[in-house]
Amino acid sequence: MKYVDEFRDRDKAAVLVREITRLADAIGTRRPLQIMEVCGGHTHAIFRYGIEGMLPEQIELVHGPGCPVCVLPMGRIDDCIAIASQPGVILTTFGDAMRVPGSRGSLLQAKANGADIRMVYSPTDALTIARRHPDREVVFFALGFETTMPSTALTVMEAERDGVGNFSVFCNHITIVPTIKAILDSPDLRIEGFLGPGHVSMVIGTAPYEFVARHYRKPMVVSGFEPLDVLQSVWMVLRQIADGRAEVENQYARVVATGGNAAALRAISAVYELREFFEWRGLGSIDYSGVRLRDAYARFDAERRFAVPGARIADPLSCQCGEVLKGVLKPHQCKVFGTACTPETPVGALMVSSEGACAAYYRYAAKAA
Amino acid sequence: MRTVTLSHGGGGKAMKDLIDAVFVAAFDNPLLAALDDQARVPMSLLARYGDRLAFTTDSFVVDPLEFPGGDIGKLGVCGTVNDLAVGGAIPLYLSCAVIIEEGLPIDLLHRIARSMAAAAREAGVQVVTGDTKVVPRGACDRLFLTTTGIGVIRTGVELGAHRVQPGDAVLVNGVLGDHGSAILAARGDLALEAPIESDCAALHVLIDSLLRASPGTRFIRDATRGGVATVLNEIALAANCGIELDERAVPLREAVKGFCEILGLDPLYLANEGRLVAIVPAAEADRALAAMRAHPLGAGACRIGHVTDRRPRLVVMHTVLGGQRIVDMLVGDQLPRIC
């Protein structure tokens, strides 16, 4: 397939791995160099192509918090189910949010219990359902980082313009920069460099990450999602380390412009405002890390339209996702890994999605044993 | 438009007329036309084909009922024929039980019955018994179909996952994921138009040539729900062996590749309805492939991997990039990813 196969070329990958090994040897650390990929899309590519096993031992990839489905806290899932269970409501959601467990089950279970929950591929599909069912309340379960924020925002603006009164959004959009900062501020951090999220950066540009380089002196390379993109970005991080540099570099220049996407940014600032704090599964509450709809769009805000319990359900005490996310622990070193916490009955965020680091390790370890 | 009503399920004249006009007319054979409570088959006739009876059943609830490359009727016949054939059986007789939601257009029922009849004729099997129920709106989704099949296993043919051994070759008969992609696209809620047809086909003739060319064949299974990935995991578990795949050798249609790229799906888990996985001794692999390629349903046959004693019970993919990953059994359905 054109524009795809070129980025999966085995010979080029071998060259990159050789260069990465050479640089890692030149840097010569006693313990493995930790590089965090922030985005779940990168984690997916790393597992999908077996990239981890191709890298030399000196490189350890830490799979960061960037799977927006994994980091949804149980309380928000409970709220979502509460909305979906109200009479007359059609709840629309992206497919992979269906299996995320709340404190009393997932959306998949709520659907089996009779809630009208439908899978959509974009918020505009949800708006179409609302137009088709004027007698029903159609709620879109909006989630994701800046990548999916603009499409939700534009859909809300369209609903406003066309006066679609039975459409609303349960807003769980989160923003990546405060989260990277929270990780950088943790005292036990050993991460030496970051692969920056390509699709988020397509929207916000590369400037918002400057603090990572300037203030924390860590290299950050905004990376694409094909396997050669990931390998080249790892190589670029290592080159910065070898040169003693800490900069924000853009490997994904074919998609990401330095200033981001102006139209998308306009839509974001028109529709959302920052929440003072937002709860993350595995990381706890992070200041200014989530957004909600502005007052001007209050009537499209499901949280104001429906009685939402809003209960805060703390992560189970035994769960050590936070330490795994920061690279302090390997998945199998967590207290509940493989016992209380398995892919069938996940306790923590990282076991929820097949992209979660723990789910991936579990599959390998359980079967290889 | 004439539709099926609850009176068609009442056991009276309306029901008899519907069954006669739709099913008896389409399937048209003396065993069925007798309309007894059972079809009667002489044992001596069965014994001519082999020494063991093969018996299987399958239900079909596909949505939509008609899709590019087939419909629920053809699916039922081919699926049941394949479930018999992968065990080395010669498929002979099928049953057809339908549960119909009131309001189903009778024309659609005619089309499905004729399609079943055509598929049965092509496969050389007869639909010899059946049942019709009509349920109120909402009690089922338009039409559910259950087909049961009887076949006879040839004397001397012995297939089973326990016979799989390290060194064996893993073969498939053509491009993967067509059926799953065609169904997803035909549902229409993806707003994606994909020129993909279901691969729905009866494989018993192909399997017959495969078994003649490779008498040592260990195991065959049709890779339906859960796709090739699921079948291989089942084999690895049952045989207590590892299976290693070469991603570059996995045959995929360009349109299916693109479809999966856009939706974040893995084609190895997509359903097929005319594709099989065969495990054959390495020494017979070339002959098995040549035999399959000589048949239209096996023209795209290829070797995608091998069985190993390393990492037992695990399916490992050597990726196109040169890395390795575990190909696991899914916990549930494959769900599209947002990121």
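None of the figures in this text is laboratory data; all of them are computed from the coordinates on show. Quick caveat, the model's predicted, so the values are computed rather than measured. Here the Cβ is made from the backbone with ideal geometry for all residues, glycine too, and neighbour counts use every protein chain on show.
Things to note:
- Both radii come from the Cα set of segment B:83-128: Rg as radius of gyration, Rh as Kirkwood radius; their ratio Rg/Rh reads 1.08.
- Given charges at beta-carbon only (K, R positive; D, E negative), |dipole| of the protein assembly as shown in Debye: 680 debye
- Within a Gaussian network of chain A (alpha carbon springs, distance under 10 Å), most fluctuating of A:65, A:219, A:187: A:187
- Considering only A:274, A:252, A:232, and ranking their Cα positions along the charge dipole of segment A:228-306 that arises from unit charges at the beta-carbon of Lys, Arg, Asp and Glu, the one farthest toward the positive end is A:274.
- Solution diffusion estimate, µm²/s, Stokes-Einstein, segment A:278-369, Kirkwood Rh from C-alpha pairs, 4 °C, viscosity 1.567 mPa s: 86 µm²/s
- Helical content alone sets the calculated 222 nm signal of chain A at -11000 deg cm²/dmol, taking -39,500 (n - 2.57) per DSSP H segment of four or more residues and averaging over every residue.
- Ratio Rg/Rh [Cα only; Rh per Kirkwood] for the protein assembly as shown: 1.01
- The Cα atoms of segment A:85-207 give a gyration tensor whose axes a ≥ b ≥ c have a/c of 1.5 or more with a/b no greater than b/c, which makes the shape oblate.
- Gyration tensor analysis over the Cα atoms of segment A:140-275 returns equivalent ellipsoid semi-axes of 32, 16, 12 Å (largest first, whole Å).
- Cβ-based charge dipole, chain B, positive-most Cα from B:44, B:319, B:196: B:44
- The charge dipole of segment A:204-333, taken about its Cα centre with unit charges on the Cβ atoms of Lys, Arg (+1), Asp and Glu (-1) only, comes to about 120 debye.
- Every helix of 4 or more DSSP H residues in chain B counts as -39500 (n - 2.57), and over all residues that averages to -8500 deg cm²/dmol at 222 nm.
- Cross-link pairs exceeding 28 Å in C-alpha to C-alpha distance, out of A:12/B:257; A:181/B:257; A:181/A:330, comprise A:181/B:257.
- Taking all Cα pairs closer than 8 Å and separated by 6 or more residues, the relative contact order of chain B comes to 21 percent.
- Available extension along the chain between residue A:245 and residue A:344 is 31.3 nm, counting 0.36 nm per residue and deducting the alpha carbon span.
- In a simple Cβ point-charge model (Lys, Arg +1; Asp, Glu -1; nothing else charged), chain B has a dipole of about 560 debye relative to its Cα centre.
- Candidates A:247, A:279, A:19, ranked by Gaussian network fluctuation over chain A, Cα under 10 Å, top entry: A:19
- Antiparallel DSSP beta bridges within segment B:62-135, as percent of all bridges there, nearest 5: 20 percent
- For A:195, B:92, B:192, B:232, order by how many other beta-carbon atoms lie within 10 Å, fewest first: B:192, B:92, B:232, A:195
- DSSP-defined beta bridges in segment B:190-339 - what % are antiparallel, rounded to 5: 75 percent
- Near residue B:106, once Lys and Arg are set to +1 and Asp and Glu to -1 for all other residues with Cβ below 14 Å from its Cβ, the sum equals -1.
- Beta bridges per DSSP, both residues in the protein assembly as shown: antiparallel share near 50 percent.
- Global form of chain B, assessed from the alpha-carbon gyration tensor, a/c cut-off 1.5: oblate
- Most positive-pole-ward Cα, B:291, B:219, B:167, against dipole of segment B:161-326 from beta carbon charges: B:167
- Cysteines having no other Cys beta carbon under 4.7 Å from their own, within chain A: A:39, A:80, A:171, A:319, A:321, A:334, A:341, A:358
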